[in-house]
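Heads up, the thing below is written out as structure tokens.
No value in this document is a laboratory result; all are computed from the given coordinates. Note that the structure is predicted; figures quoted are calculated from it, not measured. So basically every Cβ, Gly included, is an ideal-geometry build from the backbone, and we count neighbours across all protein chains shown.
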Amino acid sequence: MNIANFVDFQNVWLAYNDELLAQNHYAVEDINLQVKQGEFIAIVGPSGCGKSTFMKLTTGLKRPSKGQIFVDGQPVTGPLKISGMAFQAPSLLPWRTTLDNVLLPLEIVEPFRTQFKKRKAEFAERASKLLRTVGLGGYEDKYPWQLSGGMQQRASICRALIHEPKMLLLDEPFGALDAFTREELWCILRDLWTEQKFNVILVTHDLRESVFLADTVYVMSKSPGRFVVKKEIDLPRPRDLEVTYTPQFTHIVHELRGHIGAIRQTVAVINQ
């Protein structure tokens, strides 16, 4: 294992239960993936290819049937405390204010949990600062039903980052938002990552999103999922939205779309 790799998958296979394992029916197979410290990667591919399964393996919510996973130099043997997660649905608790929703991980995760009452004012200031960073200053006392979808997703990202994780995992976080709000949140995520340089693993169906945000984009094949393409995004940083209108950007998006189209055609031929 190379210690410079923050995430290291070594020949990882996963079957969801013993019966499927006995039938050699895997959800993901033969995953070898190395992610450098501070790297932003995106994973794209057709629906049902195992992108979310990969996320569960990375966070320790699922254990591999075969192979080993290391994160931050340690073998993954159970749920990780050093990661934060945000999903397509913001899943904010409706009875808690924006501030209290963001503070939730600090009430649950050690070592913050035992210090929470004593340090609540300090933690609340940290949460307020994070909310101001994403444009939600002044919304601390609002409830989720008083926020737009985009605002809820910003709060969700703040909640994922409040305990200052070393890794942020994002599963289709902007998929339910309109195009304008989505691009706005791309820029917010870009700025947070640029400032703090935590590792990011983004699962998305949006190829433009993956190319705009990531250092490296991986394409997954249809189930059983495996990585079939690794594309390093050679666009200079910092990137602003203007880059999405350039021929170079469009060329990369078309190249990735071609790979996914080829995967779909292969599957269609097999199923005929």
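Observations
- Considering helices alone, the calculated mean residue ellipticity of the chain at 222 nm is -12000 deg cm²/dmol, with DSSP H runs of length four and up weighted by -39500 (n - 2.57) and normalised per residue.
- Listed by chain and number, the lysines whose alpha-carbon sits under 29 Å from that of LYS129, ignoring those within fewer than 8 places in the same chain, are LYS36, LYS81, LYS117, LYS118, LYS120, LYS142, LYS166, LYS197.
- Taking the centroid of alpha carbons for each part, the stretch 118-190 and the stretch 1-41 are 29 Å apart.
- Equivalent ellipsoid semi-axes - Cα gyration tensor, the stretch 122-227, angstrom: 26, 16, 12
- Estimated dipole of the chain in Debye, rounded to 20 [Cβ of Lys and Arg +1, of Asp and Glu -1, Cα centre]: 480
- Shape of the stretch 37-183, Cα gyration tensor, a/c cut at 1.5: oblate
- Per-q log10 I(q)/I(0), the stretch 83-165, q = 0.14, 0.18 Å⁻¹ (Debye; single scatterer per alpha-carbon; no solvent): -0.40, -0.66
- Cubic angstrom per residue, convex hull over Cα atoms of the chain: 146
- Only the Cβ atoms of Lys and Arg (+1) and of Asp and Glu (-1) were treated as charged; on that basis the dipole of the stretch 84-180 about its Cα centre amounts to roughly 380 debye.
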